[in-house]
Every structure is written in C-alpha cells, then in structure tokens.
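Participant: Okay, here's the structure, questions in a sec.
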Amino acid sequence: MSEQILIIDFGSQYTQLIARRVRELNVYCEIHPFNHIPDNIPNLKGVILSGGPCSVRDAEAPAIDLSQFRGKVPVLGICYGAQLMVHQNKGNVMPSEIREYGRARLHKIDQHPELLKEMTIDTQVWMSHGDTILELPANFKNIASTEDVEHAAFKIEGEETYGIQFHPEVTHTEEGKTLLRNFVVHICGCSQDWTPDIFVESTVAWLKEKLGNDKVVLGLSGGVDSSVAAMLIHRAIGKNLHCIFVDNGLLRKNEFEEVLHSYRHMGLNVKGVDAKDAFYAALKGKIDPEDKRKAIGKTFIEIFDQEAHKIKDVKWLAQGTIYPDVIESVSVNGPSATIKSHHNVGGLPEKMHLKVVEPLNTLFKDEVRRVGKTLEIPDEILGRHPFPGPGLGIRIIGEVTPEKIRVLQEVDHYFISGLKERGLYDKVWQALAVLLPIQSVGVMGDERTYENVVALRAVGSVDGMTADWSQLPYDFLADISNKIINNVKEVNRIVYDISSKPPATIEWE
Ligand code: XMP
C-alpha cells in the first residue's frame with residue numbers, strides 16, 4: 001500500500017488543488033470530508049487540514065478532534081484548518097479588521113522550522129480569509145508574518161504540527177510548492193515513489209486478484225478515461241475483457257470507424273455496435289437539452305445492456321470513473337445546484353446487476369493521461385479534446401435530425417482538421433461547432449440564400465470548470481470560414497464565440 005497523506009476537507013474551493021499539488025510530488029493522497037474520516041488509513045504519513053468558508057467561532061462550524069492525529073503524524077492546517085487549531089487551544093480568532101484577500105508578502109520568516117526552509121523573504125503569498133488569528137495559544141510559536149497578518153504561520157512546540165493563514169496550493173503563492181514539499185517530503189518523510197509506472201504495476205496486480213477468471217464488460221467512448229481503464233484491465237485479464245463501442249450517430253465525422261480501428265490495433269477485444277437509428281428515434285421531436293440528454297442516456301443504457309447480455313457469464317461492469325467524480329465534497333451551504341446533468345449513464349450499474357470495477361477512481365484527469373502514456377496508448381486517443389457523452393446531440397440547438405447531424409459533422413470536420421493542420425489543436429483545450437436554429441440571408445453569385453448559421457468555439461482550460469475563449473489567429477479563422485462556406489452549402493454564416501466560462505458554459509446547451 002502506498003504511503004499516503006490524508007487531506008481533510010472543510011469545504012474550501014481549493015481542496016482539490018491541495019491534492020493535485022501533493023500528487024505532483026509523486027505522493028499519494030486522498031480527500032475526505034471532515035465528517036467522514038475513515039478509521040484506519042494504512043501507511044498514513046501526514047494530515048493536511050483544508051481551508052473553508054465558515055468561521056471557527058460559529059456554533060455550527062465544522063470541527064474534528066485533532067488528538068487522533070497530533071503527535072502521531074505531522075499535521076498542516078491551512079487557513080480555516082490553522083484557525084481551528086488555534087480556536088480549539090484557547091487562542092483568539094476574530095473577524096479581521098483589514099482586508100486579507102489576495103496578494104501579500106512574507107516579510108518575516110523563521111527559517112528554523114523545516115516547513116519554511118528555503119523560502120525567501122518577501123515571497124508573495126495568497127490570502128483569502130475573513131477571520132484572522134489575533135493571539136496564539138501558549139505553546140504555539142509564530143514562524144512567519146506579513147505586513148498586515150502577524151500570525152501568517154505557526155508551529156506547535158514539541159510536535160510536527162503547523163498552521164498557515166495563506167494558501168500554498170494556489171499558483172499566486174510563489175513558493176507554495178517549496179512549502180508543500182517541505183511538509184510532505186521532509187517533515188512527513190514521504191518517499192515520492194507514487195509514479196504512473198508504479199500505479200500501473202500495482203493496479204494490474206490488484207485487478208488480477210480481484211477479477212481472477214471472471215469476464216468483464218466495459219463501454220468505450222473514444223475518450224481518454226474509458227480507453228485507459230480498458231488498457232489497464234486488458235493488461236490484467238486480456239481477452240476476458242469485452243469492450244463495447246456504441247455508435248450513437250452523434251459522433252464526429254468518421255470517428256466511429258477511426259477509433260474502432262485504433263482500439264483493435266491496441267489489441268482490445270472490442271465490438272462496434274451501430275445503434276444510430278435507435279438514438280435518432282429516441283431524439284425525434286425532443287427540443288429541451290435535458291430531455292435530449294436523458295433520451296440519449298437511456299438509449300445508451302438499453303443498447304449496452306442488450307449487448308452485454310450477449311456475453312455469456314459476464315460478472316463485472318468496468319467504468320472509467322475518475323477521482324473528481326467521486327470526491328464527496330463538503331457542502332457547507334447546502335447542496336450545490338446541478339447546472340447540467342453531466343452523468344449521462346448514471347443508471348447503468350443499477351440496471352445491470354453486475355459488480356462494478358473502477359480502476360481510475362483515485363486519479364485526476366492529468367494523471368489518467370500520464371498512466372495512458374505508460375500504457376503506450378496512442379497520442380491520437382490520449383490527446384483528444386474532451387467530447388460530451390451526448391455528442392453532437394447537444395451541439396444542434398433544438399431538434400436533432402440525421403440531416404442536421406450530417407451538416408454539423410462536415411462543419412466540425414473542417415474546423416478540427418484546420419486546427420490540426422495549423423498546429424493549433426493541442427494548444428486549445430476543446431474546440432467545437434454548434435448548429436444554430438436560425439437561418440440568415442446571404443448572397444452567392446446572383447442568388448439570395450437563406451441558410452444556417454454556425455458558431456465556432458475554442459477554449460483554453462485546465463479542467464473545464466472555468467475556461468477562456470481562445471484567441472485563434474484571424475487569418476486562421478478567415479481561412480476556416482471560407483472553407484466551410486464554400487464546401488458546406490447548407491451554411492452561409494459563421495460566428496466565433498468570444499464568451500468565457502463563467503458566465504457562459506463551454507457547450508451551448
Ligand atoms: P460545460 O458546457 O458545462 O462543459 O461548460 C464542461 C465540460 O463538460 C462537457 N459536457 C458534458 N460531458 N455529458 C458529458 O459527458 C454532458 O452532458 C456534458 N455537457 C457538457 C463539455 O464538453 C466540457 O468539456
């Protein structure tokens with residue numbers, strides 16, 4: 001079992017970032033909400049307490065009994081986590097009188113404690129808190145200050161327990177990585193051996209043991225997650241893994257054939273299923289985006305279930321679920337509103353009565369890609385832009401028809417191949433075309449036309465949560481616009497989407 005760091009979540013928007021920074025140090029970590037901390041964590045090397053939106057002085061404020069960790073393993077409290085330790089030990093935490101959001105500089109640093117070794121005077125840190133520590137408890141020692149915040153960092157004497165009132169996990173804290181390395185590597189003593197190679201080796205061994213001679217079924221989508229999950233399981237059990245790749249008729253031009261070919265080339269036992277007509281029938285007359293998503297999800301489950309039943313004695317359903325989908329995030333202000341139902345095939349395991357295996361459910365997206373590289377999955381699959389499960393179905397605004405799909409596939413093909421030819425494809429995070437439900441007047445030769453409008457969108461992003469529109473070169477946009485209008489006669493107007501997320505989303509529906 002790998003060495004691990006436990007991250008206790010008090011509801012901060014940055015908790016996942018802490019985990020990513022620790023993982024970047026090749027150290028395994030898990031996030032657990034403050035009210036669901038597992039009892040026995042094997043090989044626990046240290047604990048990080050996240051920030052959070054509450055005030056430690058509120059009666060309902062989230063709290064835990066820290067005596068289960070303090071003095072046994074090193075503990076680092078960040079913002080709320082640090083204030084909680086102070087509050088529980090009779091120090092003084094009060095609403096801050098001056099602004100403590102944004103950039104600040106550590107003008108006093110005590111280099112003796114291991115935590116702040118090699119950090120430089122006046123290094124920039126990122127603050128974000130409404131309360132502040134006014135007075136430290138007796139055995140807490142101040143180890144850093146900013147101009148406005150005296151107790152920017154402290155150490156509890158006689159134990160490896162620290163608190164900081166700034167966020168080392170955000171990039172605005174210039175030497176945040178140094179601080180986290182000091183904590184995780186030097187104070188907790190983690191050996192930094194959690195690499196993609198080791199992950200593959202240990203996961204394949206675990207899968208071999210868990211699955212034995214059982215048959216497993218997995219739905220491939222052409223995306224990174226399901227492909228990496230398939231290759232891992234394939235390494236463990238070979239032909240006992242039965243993959244199903246459903247053509248829902250909502251994929252990009254030629255995508256089904258090309259991706260199926262790559263999968264076979266990778267040695268996967270994969271069956272391609274042409275189910276276009278079933279999806280088109282389910283979408284007929286549907287206009288509302290959520291209705292369309294539901295119709296597509298439901299049809300997928302039906303088709304997949306039928307196909308899976310053709311495999312004799314199948315026992316397991318494998319899924320490419322990744323860590324951000326499973327982290328139970330603390331909801332301090334009530335459940336966060338569902339903006340869109342992205343869980344397209346959420347009902348699959350319930351319907352199928354199979355045991356579920358999810359080999360990637362501890363990994364972040366970038367880690368899945370790194371594991372994919374170790375597994376020698378071709379770049380054309382690993383480097384693919386994210387593509388929504390409902391595919392072009394949610395990029396045709398209004399009712400989806402086979403004819404509209406054909407038009408959008410053509411447009412999308414010119415856009416995506418153009419990006420690839422100009423070396424821009426890998427520079428944007430996701431690019432797409434949307435067929436709008438309006439016609440506009442145009443003129444071609446001597447004729448007036450009344451044809452469709454298409455929007456092109458390309459965004460930069462890290463995880464899809466926030467995104468900015470890509471500033472593609474004008475001459476490229478001009479070229480693509482000409483190509484599309486000259487070749488796709490159903491389109492006579494192209495617009496480029498210049499909205500960022502938020503407030504816009506990446507997809508239009
Ligand atoms: P939005 O449009 O919410 O999208 O900014 C964020 C990311 O999620 C993808 N997306 C979906 N993925 N099923 C999916 O599997 C969906 O229904 C869905 N809707 C959006 C979107 O393409 C982007 O990468």
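The values are calculated or read from the model by the stated rules, or taken from the named source; none is laboratory data. Here the structure is a predicted model, which means the values were calculated and not measured. Cβ coordinates were reconstructed from backbone atoms using ideal geometry, including for glycine residues, and neighbour counts include every protein chain displayed.
Participant: What are the pairs, 6+ residues apart or on separate chains, where a residue within the range 485-508 that is free of Cβ contacts under 8 Å to residues at least 60 places away in the same chain has its Cβ under 9 Å from a residue that is of a type in the set (K, R) and away from the ligand (no atom under 11 Å from the Cβ)?
Facilitator: I485/R493
Participant: Moving to a separate point now. Has the range 339-352 got any residue that is more than 12 Å from the ligand (Cβ to nearest atom) and modelled with pLDDT of 90 or more? Steps first, answer last, please.
Facilitator: First pass over the range 339-352, keeping only residues more than 12 Å from the ligand (Cβ to nearest atom): 347-352.
Subset that is modelled with pLDDT of 90 or more: none.
No, the range 339-352 contains no residue that is more than 12 Å from the ligand (Cβ to nearest atom) and modelled with pLDDT of 90 or more.
Participant: Could you grab me the full set of residues in the range 1-25 that are closer than 19 Å to N361 by Cβ and part of a loop (DSSP other than H, G, I, E, B)?
Facilitator: Across the range 1-25, the qualifying residues are M1, S2.
Participant: Right, another one. If you scan the range 491-509, which residues turn out to be in contact with a strand residue (DSSP E or B) (Cβ under 7 Å, 6 or more places away or on another chain) and within 17 Å of I396 (Cα to Cα)? Reasoning before the result, please.
Facilitator: Pass one, the range 491-509, residues in contact with a strand residue (DSSP E or B) (Cβ under 7 Å, 6 or more places away or on another chain): 491-501, 506, 508.
Across the range 491-509, the qualifying residues are V491, N492, R493, I494, V495, Y496, D497, I506, W508.
Participant: With the condition being of a type outside the set (G, A, S) and free of Cβ contacts under 8 Å to residues at least 40 places away in the same chain, I'd like the helices (runs of 4 or more DSSP H) fully within the range 350-432 carrying at least 2 qualifying residues.
Facilitator: On the way: elements: 365-374, 379-382, 402-421.
Hits in the range 350-432: 402-421.
Participant: Show the residue pairs meeting these rules: Cβ distance below 6 Å; 6+ apart or different chains; first residue within the range 273-300 and within 15 Å of F256 (Cβ to Cβ); second residue assigned to a helix (DSSP H, G or I) and of a type in the set (A, V, I, L, M).
Facilitator: A275/I303
Participant: Right, next: Do you know which of the residues in the range 192-223 that are touching a Lys or Arg at 6+ places or on another chain (Cβ under 6 Å) and in a helix (DSSP H, G or I) is farthest from S2 (Cα to Cα)?
Facilitator: V204
Participant: Right, next: Which residue pairs have Cβ atoms under 8 Å apart, sit 6 or more places apart or on different chains, and have a first residue in the range 168-180 that is on the phi < 0 side of the Ramachandran plot and a second that is crowded, with 23+ Cβ neighbours inside 10 Å and acidic (D, E)?
Facilitator: G176/E169; L180/E169
Participant: Is one or more of the residues making up the range 469-488 within 16 Å of the ligand (Cβ to nearest atom) and either outside any strand (DSSP E or B) or buried (at least 19 other Cβ atoms within 10 Å of the Cβ) (or both)? Give the steps one after another, and end with the answer.
Facilitator: From the range 469-488, those within 16 Å of the ligand (Cβ to nearest atom) are 469-470; that's our starting set.
Still in the running and either outside any strand (DSSP E or B) or buried (at least 19 other Cβ atoms within 10 Å of the Cβ) (or both): 470.
There is at least one residue in the range 469-488 that is within 16 Å of the ligand (Cβ to nearest atom) and either outside any strand (DSSP E or B) or buried (at least 19 other Cβ atoms within 10 Å of the Cβ) (or both).
Participant: Which of (1) within 16 Å of the ligand (Cβ to nearest atom); (2) touching an Asp or Glu at 6+ places or on another chain (Cβ under 9 Å) is the odd one out, the single condition P503 does not satisfy?
Facilitator: (2)
Participant: Another question about this same structure. Would the range 407-421 turn up any residue that is farther than 20 Å from G383 by Cα and within 16 Å of the ligand (Cβ to nearest atom)?
Facilitator: yes
Participant: Sort out for me the strands (runs of 3 or more DSSP E) sitting completely within the range 89-155 that have 3 or more residues that are surrounded by 14 or more Cβ atoms within 10 Å (Cβ to Cβ).
Facilitator: On the way: elements: 92-95, 101-109, 123-128, 131-135, 140-146.
Once the strands (runs of 3 or more DSSP E) in the range 89-155 are filtered for at least 3 residues that are surrounded by 14 or more Cβ atoms within 10 Å (Cβ to Cβ), what remains is 101-109, 123-128, 131-135, 140-146.
Participant: For the range 437-462, give me the residue count where each residue is surrounded by fewer than 18 Cβ atoms within 10 Å (Cβ to Cβ), within 16 Å of the ligand (Cβ to nearest atom) and free of Cβ contacts under 8 Å to residues at least 40 places away in the same chain.
Facilitator: Adding up the residues that qualify gives 2.
Participant: Please tell me if L179 is in the same structural domain as N142 (by TED's automatic domain parsing), part of a helix (DSSP H, G or I) and in contact with a Ser or Thr (Cβ under 9 Å, 6 or more places away or on another chain). First the steps, then the outcome.
Facilitator: On the way: in the same structural domain as N142 (by TED's automatic domain parsing): yes; part of a helix (DSSP H, G or I): yes; in contact with a Ser or Thr (Cβ under 9 Å, 6 or more places away or on another chain): yes.
Answer is yes for this residue.
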